[in-house]
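The values are calculated or read from the model by the stated rules, or taken from the named source; none is laboratory data. Since this is a predicted model, take the numbers as computed values, not measurements. So basically every Cβ, Gly included, is an ideal-geometry build from the backbone, and we count neighbours across all protein chains shown. Protein only, heavy atoms only, side chains kept; ligands, DNA and RNA dropped before computing areas. Shrake-Rupley method; radii C 1.70, N 1.55, O 1.52, S 1.80 Å.
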Number of protein chains: 4
Amino acid sequence: MANYILTLKCADGPGIIHAITTGLLDVSANILEQEQYSDTDSGLFFLRTRFETSEELETVLASAAAHTHHLDASLRIRRESDIPRVLIMVSQYDHCLVDLLYRWRIHELPVDIVGVVSNHETCREITESHGLPFDYLPLTPESKSVQEARLLEIVEQRGVGLVVLARYMQILSDDFCRGMAGRVINIHHSLLPGFKGAKPYHQAYARGVKLIGATAHFVTGDLDEGPIIEQQVARVTHADTADALAEIGRDVERLVLARAVHLFAEDRVFLNNKRTVVFG
Amino acid sequence: MANYILTLKCADGPGIIHAITTGLLDVSANILEQEQYSDTDSGLFFLRTRFETSEELETVLASAAAHTHHLDASLRIRRESDIPRVLIMVSQYDHCLVDLLYRWRIHELPVDIVGVVSNHETCREITESHGLPFDYLPLTPESKSVQEARLLEIVEQRGVGLVVLARYMQILSDDFCRGMAGRVINIHHSLLPGFKGAKPYHQAYARGVKLIGATAHFVTGDLDEGPIIEQQVARVTHADTADALAEIGRDVERLVLARAVHLFAEDRVFLNNKRTVVFG
Amino acid sequence: MANYILTLKCADGPGIIHAITTGLLDVSANILEQEQYSDTDSGLFFLRTRFETSEELETVLASAAAHTHHLDASLRIRRESDIPRVLIMVSQYDHCLVDLLYRWRIHELPVDIVGVVSNHETCREITESHGLPFDYLPLTPESKSVQEARLLEIVEQRGVGLVVLARYMQILSDDFCRGMAGRVINIHHSLLPGFKGAKPYHQAYARGVKLIGATAHFVTGDLDEGPIIEQQVARVTHADTADALAEIGRDVERLVLARAVHLFAEDRVFLNNKRTVVFG
Amino acid sequence: MANYILTLKCADGPGIIHAITTGLLDVSANILEQEQYSDTDSGLFFLRTRFETSEELETVLASAAAHTHHLDASLRIRRESDIPRVLIMVSQYDHCLVDLLYRWRIHELPVDIVGVVSNHETCREITESHGLPFDYLPLTPESKSVQEARLLEIVEQRGVGLVVLARYMQILSDDFCRGMAGRVINIHHSLLPGFKGAKPYHQAYARGVKLIGATAHFVTGDLDEGPIIEQQVARVTHADTADALAEIGRDVERLVLARAVHLFAEDRVFLNNKRTVVFG
């Protein structure tokens, strides 16, 4: 017996769950978890099923496809053990990187980390001490397109399914964002859309907010506007300086990013135009 | 078209979702929401489906029953508009009562409140100002069984589907609890199992906790041990007296009880031995 | 013996606490609570002291003033029992109003509510059932200045120390805001600065946020930009419609506004330029 | 100029703040932060002041002592830069250890970590990679008193001011606890007093709670009953297994323990009989 995860996205309508479960019953699958959502606004239907069966992936895929081909659906099935290959990008702040590496090391995060890319040398040691390759891709206005080409090469060569921007302070090109749509997650250190752009903790301090937060979102060409995956907050007071906000914020950033990566790694996150569907 | 809510609980096994969806497809139902859960420990399967169809309730029931009779399931289907009839019991603290009445008045809570029962006269005015009957059932050791008989009479006569103990400070008999199993919700003013019994805020103060909470749970003969439906907390400090904890606690109690009643009213809460399954 | 609350705001420097406590010791005061804060940015010092003494208010004031006159401070002392007189303004949504009235009725909020003003008749009954005057001040572009004059008259005649905008959907004039600076609290139904302006829950839905919130702030001429007093959040999911966000938001709004009014009523809130100092 | 932290605990009464501030004014100190609390139950007064002055520690101490000797107070003043020396004890779970080491490395935690002691070899590598001594003190019923003697030796030789039990799974002797009262902090993986003893996440699962938490507390001879310093929670559902609760719990444990150590390191935590006073 092996465990599988199936995800499906299509135009909503009657009979979809029945079609899928017929396809699964035909391969004697036992459903372990299932979530679905019909979005009235977009008219889209989203489904995630985790099931077990003794059949092979190809057989399962064929059965599911046969029963859903009329739906013109985006259908995907994978073995649960075929976990996503993840590339982390980072600049100088290493708290999110260190946190992800720890969770990976103790097998809490169901991903394979295949390397770290940075525009600084700062995180080389921590990366290599985990037995991972570290690629230093410094950025100048002239080198940007060359480096992105190198980045895409790494993504392709290592079979990367998810790029995680763990406080990577450079903006990726529109082309890159489009090409990797739905496969790049960023952590923004504010509760979007509250404080876009640079130095959000300084903005938060100046505005005197009583809560700060962090937002994990898919990266699109439109910076700080990508579909939101996860957000959390922490309480602050008038006595907290912008530096104190940043310190408190680090804990929130780590939790939010790790949570978003975990959700993605289990195929729980769907793009729904400018929003997401998250089966938490 | 009418909306329906179907709930099902049975021994887990393959084909259950398929069976249900076949039954629903046969009456041209369109599934709006569906949640299910397989409990590995108890071996039980739980499902809730909200769907729309132009067929009558009897037709829908017949189709669902026909396709699931082999499951020996506990199956229930109701029109979404057939909201539960609720009886509230209260003693002297009225904050939960006032809160429930308000949410009912603005149609936030999908229930029909059919009356308030109390062992004190304190809440008569607020009850009657909402056009609801108020039954004063004072309790003495001698009168207890007589009053419970009266209570059961009210429950029966008014078709009560849920009794809410909104800070009702008397213990109901084992017989009553058994007879009404899964249909009586209590709010306990602590984060069970932390502080059972009387004066939990005084216990919390003495222990110097940094968080207080409230617990909504089904009532069983074993006081403070019924299956938990919902819990929330609030932060407190050394400077908060037991009275201050009680004040802060009132907000938590109101939110937790209202949430539990709301979940129950939408058939989102299932008993799973000593635990619950809550499709939130 | 009587309890007093002293607040002081002045330029920071050495010896301030010593000066105050000398003044209090001279009238045999026993300090019950004291909080202070030095703001490095603004160079301002803020202090709140709650104390008890058998001396009269005039004697206490004279002693405190004598020991602090060199500070050129904004100093205020009041009997704790001289609670602020509050005027509530509301439009049609009554959840914040009902909540404030309840907390006032059970003596949870240390304020005297002296009336409700509205541009609609909707809340007349709930107001009058609490034995409070209800003033209907409908607004047209022409009547605005006349109605604000009437409002100021009410504020003056009833000795109002705080105006609470409990979902009052009209914009007050710059003149009014300036004249009442630091004495008008508004509840905004978003986590400012996230979603300014109208229909913030619709904005939140469109942006697909995972947390919604509410903000209580002082009203200034610059709408949605006044100093923030309190903020709280609630978790939401992709499945929550804009209406559901509004329902969840009502609970947050009530808690946040009540908390802000409570803090103000105990003289715990200070203006610090565009921010506040809150001794919570 | 240097920064100092003063803490004082004594029987409550009038004039204490005045006495302290007189003593500080005499050495031209400028108060940066001050918090105080009078506990009505215990009749105790607690104060923490952070101030700056150009005088030496001895001069400051002499002045403060001179003005407070009539109070029979427990008085302590230290340079802010004389941060506490911390010894960490751990068994096999390393998530709290790794977290504390990271916060120490980036200078977030104002402590000097002077070593790690364990009854297992598991954490030797991570410890030594941070350039810290690792002492392996395996425990058998026979060796316990010998090992505790060795532990006390380490504490004494390295000038340890705080011992942190970062998931150390052995019970320390009554003698040790008494001798180190107020200087040993433990992280218990439940929201005490909810689930004392072993396997609290299994207990939480069996009880079906909707919130799990962690508690940092001072260690006393009475296990799981020491004064609570900090508590936090996370939300869980029926679908979370005991293992999932443990995973979610690890994040809470790390945050709670780091927060408690941070508070202690800044002299913000006072023992108040069975409770604590925490100036957060």
Original post:
Tell me, what is the percent relative contact order of region D:2-79, built from C-alpha pairs under 8 Å that lie six or more residues apart?
Top reply: 49 percent
Original post:
Roughly what angle does helix C:95-105 make with the longest principal axis of chain C, taking Cα atoms, 0 to 90 degrees, to the nearest 10?
Top reply: 40 degrees
**OP:** Report the calculated FRET efficiency for D:Lys196 and C:Lys144 (r = Cβ-Cβ distance, R0 = 60 Å), to the nearest 0.05.
**Re:** 0.40
Subject >> Kirkwood Rh (inverse of mean 1/r, distinct Cα pairs), region D:139-195, angstrom >> reply: 12.6 Å
Original post:
With the dipole of chain B worked out from charges on the C-beta (+1 for Lys and Arg, -1 for Asp and Glu) around the Cα centre, which of B:Leu44, B:Tyr168, B:Leu6 lies farthest toward the positive end?
Top reply: B:Tyr168
Subject >> Cβ charges +1 (Lys, Arg) and -1 (Asp, Glu), total dipole of region C:85-278, debye >> reply: 540 debye
Subject >> Evaluated over region D:1-133, the Cα radius of gyration and Dmax, each in Å >> reply: 19.4, 55
Original post:
How high is the relative contact order of chain A, in percent, with contacts defined as C-alpha pairs under 8 Å that are six or more residues apart?
Top reply: 16 percent
Subject >> Angle in degrees between helix D:144-157 and the longest Cα principal axis of chain D, rounded to the nearest 10 >> reply: 40 degrees
Original post:
Based only on Cα atoms, what Rg/Rh ratio does region D:20-64 have, Rh being taken as Kirkwood's radius?
Top reply: 1.07
Original post:
Under a plain spin-label model, where a point goes 7 Å from the Cα along Cα-to-Cβ, how far apart in nm are D:Leu152 and C:Leu132?
Top reply: 6.5 nm
Original post:
Using bins 20 angstrom wide from zero, how does P(r) for the protein assembly as shown break down, in % of all Cα pairs?
Top reply: 11, 38, 39, 12, 1
Original post:
If you look at just the Cα atoms of region A:2-79, how large are its Rg and its Dmax in Å?
Top reply: 11.7, 39
Subject >> For region C:85-278, diffusion coefficient by Stokes-Einstein and Kirkwood Rh (Cα), 10 °C, 1.306 mPa s, µm²/s >> reply: 94 µm²/s
Original post:
Please state the relative contact order of region C:48-156 as a whole percent: Cα pairs under 8 Å, 6+ residues apart?
Top reply: 20 percent
Subject >> Residues D:Ile106 and D:Glu247, FRET efficiency given R0 of 22 Å [Cβ-Cβ distance, rounded to 0.05] >> reply: 0.35
**OP:** At 1.4 Å probe size, with every protein chain present, just tell me what the per residue accessible area of region C:2-79 comes to in Å².
**Re:** 40 Å²
Original post:
Going out from 0 in 10 Å bins, what whole percent of all Cα-Cα distances in region C:182-259 drops into each bin?
Top reply: 21, 54, 22, 3
Original post:
How much FRET efficiency would the formula 1/(1 + (r/R0)^6) give for C:Lys274 and A:Leu223, where r is the Cβ-Cβ distance and R0 is 30 Å, rounded to 0.05?
Top reply: 0.70
Original post:
To the nearest 20 debye, what is the magnitude of the charge dipole of the protein assembly as shown about its Cα centre, counting +1 on the Cβ of each Lys and Arg and -1 on the Cβ of each Asp and Glu?
Top reply: 0 debye
Original post:
Using the alpha-carbon atoms, what tilt in degrees (0 to 90, nearest 10) does helix A:57-68 show relative to the longest principal axis of chain A?
Top reply: 80 degrees
Original post:
For chain D, what is the percent of antiparallel DSSP beta bridges, rounded to the nearest 5?
Top reply: 70 percent
Subject >> Residue-averaged 222 nm ellipticity for chain A, from DSSP H runs of 4+ at -39500 (n - 2.57), nearest 500 >> reply: -10000 deg cm²/dmol
**OP:** Just add up the charged neighbours of A:Gly208: K/R +1, D/E -1, any other residue whose Cβ is under 12 Å from the Cβ of A:Gly208.
**Re:** -1
Original post:
Taking the alpha-carbon centroid of each part, what is the distance from region D:145-200 to region A:155-194 in angstrom?
Top reply: 44 Å
